[in-house]
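Only one structure is covered here, and it is reproduced in the block below.
The values are calculated or read from the model by the stated rules, or taken from the named source; none is laboratory data. Computed from a predicted model, the values in this text were never measured in an experiment. Ideal geometry is used to build each Cβ from the backbone, glycine not excepted, and the neighbour counts take in all protein chains shown. Side chains are part of the model used for accessible areas, which takes the heavy atoms of the whole protein and leaves out ligands, DNA and RNA. Shrake-Rupley method; radii C 1.70, N 1.55, O 1.52, S 1.80 Å.
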Amino acid sequence: MPELLATLAAFAMCALGCAVLALSQREHWHATGKLPPYPGPRALRRLRTAASLLLAGALAPCVAAHGAGFGTLLWALLVSAGGISVAFVLAWRPRWLAPLAILAATLFA
Amino acid sequence: METTFRKSMAPLHTWAGVLLGAVLFAVLWTGTLILFRGEIDQWMMPQTRLAAAPAPLSLDRAARLVLPLVPAGATQWRIDLPTARTPVAVFSYRLPDGEEYTRLFDPVRYRLLPQPGTDGASGFLVPLHYSLHLAWADTGKWLVGLAGMAMLVLLVSGVVIHARLVAQLFTFRPRKGLPRSALDLHNLSGVLLLPFHFMLALSGLAIFITVFFPQAHVATYGAKPKAKAAFMAEAYGRHAGRKTGEPGTLASLDAMRREAERLWGGEQPYFVRAWQPGDAAGVIEFRRSYAREVTMNLDQLYFDAATGRVVRRFEAGPVMTAQRVLSGVHFARFEHGTLRALYFAGGLGGCVLVATGFLFWLESRRKGHARHGLGGVRLVEMLAVGGMTGLVLSTLAYLVANRLLPADAGLPEWDRAALERATFYATWSIAFLHAWLRRTAAWREQLLGIAALALVAMLLNWLTTGEHLLQTLANGRHAVAGVDLALLAFGGAAWHAARRIGAGRGSGTDGSKSTGGSDGTAGTNGARDTSRARAGEGTGA
């Protein structure tokens with residue numbers, strides 16, 4: 001059970017990290033709806049830093065719950081899984097990312 | 001400079017993909033399936049669908065059951081212990097000519113099981129994955145190695161060619177026309193799964209160091225006749241002993257096992273093997289299980305057969321350990337459900353990568369080739385259809401044959417397993433022929449075939465064993481239920497794709513009658529839906 005929770009937490013971090021990374025691109029930001037304006041260069045840098053921290057940070061629950069060997073493998077695969085999930089959400093349900101865009105705009109503006 | 005380098009990579013990527021794409025797909029598809037070889041084995045060998053053992057197997061009791069089967073002069077025998085995922089125990093022995101004989105037995109009731117009459121997944125799909133069953137001069141292994149190298153080259157050159165790598169990292173536009181949506185999906189799976197596929201291709205190459213780099217040991221061990229054996233013994237550990245000709249006795253195997261577990265700090269063995277059985281120089285080898293770590297350890301313990309005393313303890317050196325970490329990453333022999341599921345999804349993603357690569361190649365050249373009277377599209381389309389849908393079709397035919405052939409089926413010189421293999425190869429050959437004759441229409445027809453055969457296989461499992469999906473799900477027989485569910489999922493995805501192709505084509509167009517040129521639009525629609533459905537397979541798993 002703790003292993004499963006750690007896996008889910010790591011996947012959530014990876015998906016969130018990839019989503020923020022995708023939102024930092026103009027095309028994807030506008031695809032979510034026309035709510036907040038596309039962030040400026042400084043906010044973008046902060047967004048991308050936050051995304052990288054999320055992606056790198058996902059390694060921690062993986063290694064903590066699954067050990068160094070399994071944890072690293074799991075992390076590498078979860079980053080890919082997060083990225084592909086985000087790409088599919090952007091392809092078919094881009095509006096699901098609107099709340100995240102609003103949150104990002106308020107946090108990093 | 002950068003543009004020139006980028007441009008120079010394009011033909012490399014295209015040619016490597018077109019020439020080796022079908023081999024790559026075969027390796028990826030079988031590699032994905034054999035992640036669940038134990039489960040497929042259980043599906044194909046109903047007599048091994050046993051309940052998990054409540055207590056560990058007694059090796060002494062097992063030895064009383066199986067050792068009478070060993071003929072005098074056998075060079076070794078071996079018992080593979082049951083695991084949580086494979087409830088059956090495997091006994092095998094080897095004769096001096098290298099011939100190996102295998103019997104399965106029930107580790108709870110200590111009863112020999114009837115011969116399964118099939119190679120299952122471990123005896124057929126596994127060798128197909130690494131050798132394509134081309135044994136002559138290791139051709140198959142070299143071809144697979146070439147495909148592995150090609151995969152590395154394709155991944156790297158693909159990244160170099162991809163002009164808008166960062167900008168399109170998460171871009172997938174399924175509603176755009178075919179070359180575009182296929183290319184999106186190709187880039188998406190190629191870039192996001194790059195770490196996985198790079199790792200798997202590289203580790204696959206490292207596993208066969210002794211095949212692909214047969215002279216590697218010469219620098220250190222010299223070129224004398226015994227040099228290779230010395231290298232193998234030092235790298236992999238081996239303590240076979242030498243026959244004395246004097247008869248020997250066998251001490252308690254269970255006592256040796258307890259000692260092995262004590263020396264390994266509680267870790268379990270996964271098989272026990274006797275070298276020179278029945279001889280005074282007989283040695284018993286225990287190998288430590290891979291279940292709990294990524295590294296495929298080479299930990300071995302050798303006991304004197306007569307006294308049960310430890311005579312040799314082996315653990316891999318640092319370089320071999322590195323090789324065994326890579327092997328572990330590749331073989332995924334560990335017990336980790338989440339990782340296994342992610343590997344499966346990643347493998348299907350690799351199938352999508354190859355499929356969309358082919359689709360993009362075909363759709364972006366179809367019209368031009370027709371205009372200039374080139375035959376390349378027809379040839380590559382045959383390779384693509386036969387190599388991809390044809391392979392899936394023949395895998396299903398293999399399962400169907402397994403359920404349809406009676407237990408005593410056989411022809412002179414052909415046992416039941418050989419008939420199953422023949423069904424596989426016959427279906428695959430017909431699929432290539434069909435792809436050549438029917439051209440673009442073959443996509444839809446083979447997808448329909450996949451849907452039908454998947455359903456038939458699932459129903460035949462019910463008819464021949466009495467175990468249907470609801471029952472196996474309710475009884476917790478995850479292995480059988482899982483294979484049935486996968487059959488349903490693959491069949492459903494193929495049926496959906498075939499239907500979409502039909503709808504896209506409209507009522508007036510008949511792909512079979514038109515030539516490659518005028519067929520352009522129909523093929524475009526069809527193939528786009530194929531790629532979409534395949535993407536669905538990849539994510540659904």
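One table, with the values for the structure above:
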| quantity | calculated |
| --- | --- |
| Karplus (6.51, -1.76, 1.60) ³J(HN,Hα), θ = phi - 60°, over the stretch A:43-48, in Hz, Gly and Pro reported as x | 4, 4, 4, 5, 4, 5 |
| Coordinate range along principal axes, alpha carbons of the stretch B:34-124, Å, largest first | 35, 31, 21 |
| Accessible area in square angstrom per residue, chain A, 1.4 angstrom probe | 50 |
| Rg/Rh (Cα only; Kirkwood hydrodynamic radius) as it applies to the stretch B:323-482 | 1.05 |
| Probe 1.4 Å, all protein chains present, accessible-area order of B:Ile209, B:Ile79, largest first | B:Ile209, B:Ile79 |
| Relative contact order of chain B, defined on C-alpha pairs under 8 angstrom at six or more residues apart (%) | 16 |
| HN-Hα J in Hz across the stretch B:387-399 - Karplus 6.51, -1.76, 1.60, θ = phi - 60°, x for Gly and Pro | x, 9, 4, x, 5, 4, 4, 6, 4, 5, 4, 4, 5 |
| Rg(Cα) / (2.2 N^0.38 Å) computed for chain B, rounded to two decimals | 1.06 |
| Apportionment of accessible area to carbon and sulfur, the protein assembly as shown, percent (1.4 Å) | 65 |
| Nearest-20 debye value, the protein assembly as shown charge dipole, Cβ charges on Lys, Arg, Asp, Glu | 2120 |
| 5 angstrom amide H check on B:Leu134, placed H, neighbours 5+ away | B:Gly140 |
| The stretch B:159-264: radius of gyration and largest Cα-Cα distance (Dmax), Å | 26.2, 77 |
| Shielding by other protein chains, A:64-73, mean Cβ within 10 Å | 4 |
| Estimated FRET transfer efficiency (B:Leu437, B:Glu246; beta-carbon r; R0 45 Å; 0.05) | 0.10 |
| Averaged over B:163-171, number of beta-carbon atoms from partner chains that fall within 10 Å | 5 |
| C-alpha center-to-center spacing [the stretch B:307-381, the stretch B:254-303] in angstrom | 31 |
| Chains B and A together, accessible area buried on both sides, 1.4 angstrom probe, square angstrom | 2200 |
| Computed P(r) (all Cα pairs; the stretch B:1-47; 5 Å bins; percent) | 5, 18, 13, 12, 12, 10, 9, 7, 6, 4, 3, 1, 0 |
| Dimensionless Rg/Rh of the stretch B:99-201 - Kirkwood Rh, Rg from C-alpha atoms | 1.22 |
| Derived scalar couplings ³J(HN,Hα) [the stretch B:347-364; Karplus, 6.51 cos²θ - 1.76 cosθ + 1.60; whole Hz; x for Gly, Pro] | x, 5, x, x, 4, 4, 4, 5, 4, 5, x, 4, 4, 5, 4, 5, 6, 7 |
| Net charge, B:Asp119 excluded, C-beta distance under 14 Å - Lys, Arg +1, Asp, Glu -1 | -1 |
| Along principal axes, Cα extents of chain A, largest first, whole Å | 43, 29, 19 |
| Sorted largest first, extent of the protein assembly as shown alpha carbons per principal axis (Å) | 84, 60, 58 |
| Shielding by other protein chains, A:86-93, mean Cβ within 10 Å | 6 |
| Long-range HN-HN contacts of B:Val311 with modeled amide H, under 5 Å | B:Tyr302, B:Phe303, B:Asp304 |
| Candidate lysines for bridging to B:Lys228, where Cα separation is under 20 Å - those fewer than 8 sequence places away on the same chain excluded | B:Lys141 |
| Neighbourhood net charge (12 Å Cβ-Cβ; Lys/Arg +1, Asp/Glu -1) for B:Ala479 | 0 |
| Rough spin-label spacing in nm, given labels placed 7 Å along Cα→Cβ, for A:Trp96 and B:Arg262 | 5.6 |
| Taking the stretch B:374-504 and dividing mean pair separation by its residue count, relative contact order in percent (alpha carbons under 8 Å, at least six apart) | 30 |
| Long-range amide H partners of B:Thr171 with built H, under 5 Å | none |
| For the stretch B:1-105: relative contact order, % (alpha-carbon pairs under 8 angstrom, 6 or more apart) | 18 |
